[in-house]
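Before any comments, here is the structure.
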Amino acid sequence: MPHTPAAAVLDHITVLDLTRVRSGPTCVRQLADWGANVIKVEMPPAVEGGAALGGSRHGSDFQNLHRNKRSLALNLKDAAGREVFYKLVAQADVVVENYRPDVKTRLGIDYDALSAINPRIILASISGFGQNGPYAKRPGFDQVAQGMGGLMSITGLPGQGPVRVGIPIADLTAGLFAAQGVMLALIEREKSGKGQWLHTSLLEAQTFMLDFQSARWLVDREVPQQAGNNHPTSIPTGVFATADGHMNIAVAGQEIWGRFCRALDHEDWMADPEFADAPARSKNRDRLNAAIAACIAEKSTAEWVEAFNDLGVPCGPIYNIGELFADEQVEHLGLAQPLTSPALGEMQFVRQPVSLSRTPSSFAVAPPEVGEHTREVLANLGYDEESITSLHDSGVVSSGD
């Protein structure tokens, strides 16, 4: 099967995907979903030995991460395998890897080696803690980065102790930032004609994601604490129990505060000196939240959502994942899109969250089986059938057949 681009945006770009687990595949998924010709280079099963990192190939997690790619099973530890890879590099635009920093040098696929073959090549590297420094060789893991990156210290209820976020946010954001870096390098290459090496790490990504919380320390020397469901600066903002569940309410600024008071039929709060302005509401947060909670408990979530939205007060229900995908706005936006797999049948996954009017992203092909496109990729490189069979017989490559 030749490359079937998922979009026109990057259909002229060839990406060699050496990634595994999550941060690297997240980066490459961004490129694949926008049309890049992604060749997933992975070890032949006989060389990999045991279960590959990243979980079951036919599991929902793997399938979600590896759509819109083709697979070449190639042993990079073998000199003949590296020769094949170098031929791919000569024709490629981007290589993405998330090995430990020293591994790529050991394999002979570091930036100096690759740029000597193709000066236009862009190498994107993702690590746990950076490409150099005292922690460079430590193995990276999302939860470790969440802890070291400060996030777990500000997540959860006050006094609860550290709490991790419910998604692998360090992995995911490192992958997204790496994909952004690839786009930037591709744009810059249009001016210079030269490739470059870009790198990020789980620790860098997680620290960047602290955003205003990091600024509270760096600028004001204030160490942020756990605030639970209460927003640290916008009051009242938080979770409130309704007659049939829970909801979020976000009141920011005096104008919305007034609307909120009218919605609750408590315009007297606007004149109460303990609630009159943001500093007063912050100082008397507990009393205010208790008064709000007593009101909110009297009606259902749906009733309050309608009442608040009628007056322009930001609010919303708190969904479980199933309820999220049943929401009429989520269905209207088509956030869940179908993908048909020859191995697994029809599945649904979340589409890219950005819509381009002329060149939209799509799910063009399902995740490949190991080595499914090995013979095709080698033939495109100029290998004849005899050479391909020889590489196959020697264990340098494997194919899906």
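Read-outs: derived from the displayed coordinates by stated rules, not from any lab. Keep in mind that what you see is a predicted model, and the values were worked out from it rather than measured. Here the Cβ positions follow ideal geometry from the backbone for every residue, glycine too, while neighbour counts run over all protein chains shown.
Shape analysis of the stretch 1-82 based on the Cα gyration tensor places the equivalent ellipsoid semi-axes at 22, 16, 10 Å, largest first. Using the Karplus equation 6.51 cos²θ - 1.76 cosθ + 1.60 (θ = phi - 60°), what ³J(HN,Hα) coupling, rounded to whole Hz, does each residue of the stretch 368-379 give in order, writing x for Gly and Pro? Rounded to whole hertz, the list is x, 6, 4, x, 4, 10, 4, 5, 5, 5, 5, 4. Projecting the Cα atoms of Thr19, Thr242, Gly166 onto the charge dipole of the chain (Cβ charges, centred on the Cα centre) puts Thr19 farthest toward the positive pole. Is the shape of the stretch 6-52 best called rounded, prolate or oblate, per the rule: a/c under 1.5 gives rounded, else a/b larger than b/c gives prolate, else oblate, with a ≥ b ≥ c the square roots of the Cα gyration tensor eigenvalues? It is prolate, given that a/c is not under 1.5 and a/b is the larger ratio. When a/c reaches 1.5 or more, the comparison of a/b and b/c decides; with that in mind, is the stretch 280-349 rounded, prolate or oblate per its Cα gyration tensor? Verdict is prolate for the stretch 280-349. Normalising the Debye intensity of the stretch 101-224 to I(0), with uniform scatterers on Cα atoms only, and taking log10 at q = 0.18, 0.20 Å⁻¹ returns -0.99, -1.11. Roughly what % of DSSP beta bridges within the chain run antiparallel, to the nearest 5? Of the beta bridges lying entirely in the chain, close to 45 percent run antiparallel. Using a Gaussian network model of the chain in which every pair of alpha carbons under 10 angstrom is joined by a spring, one finds that among Met270, Met183, Met43 the greatest mean-square fluctuation is at Met270.
What ranking, highest mean first, results for peptides 119-127, 232-240, 189-197 when packing means the other Cβ atoms within 10 Å averaged over each residue?
Ranked by mean Cβ neighbours within 10 Å, highest first: 119-127, 232-240, 189-197.
With distances taken between every two different alpha-carbon atoms, the stretch 84-147 has a Kirkwood hydrodynamic radius of 12.7 Å.
One Cα centroid belongs to the stretch 275-293, the other to the stretch 219-261; the line between them spans 10 Å.
Using only alpha carbon positions, build the gyration tensor of the stretch 282-399, then give the equivalent ellipsoid semi-axes as the square roots of 5 times its eigenvalues, largest first, whole angstrom.
Semi-axis lengths for the stretch 282-399 are 55, 17, 14 Å.
Of all the options Glu48, Glu328, Glu369, the one that moves most in a Gaussian network model of the chain with Cα springs shorter than 10 angstrom is Glu328.
Using only Cα coordinates, the Kirkwood hydrodynamic radius of the chain works out to 24.1 Å. Here, the stretch 208-306 has an Rg and a Dmax of 14.8, 43 Å when only alpha carbons are counted.
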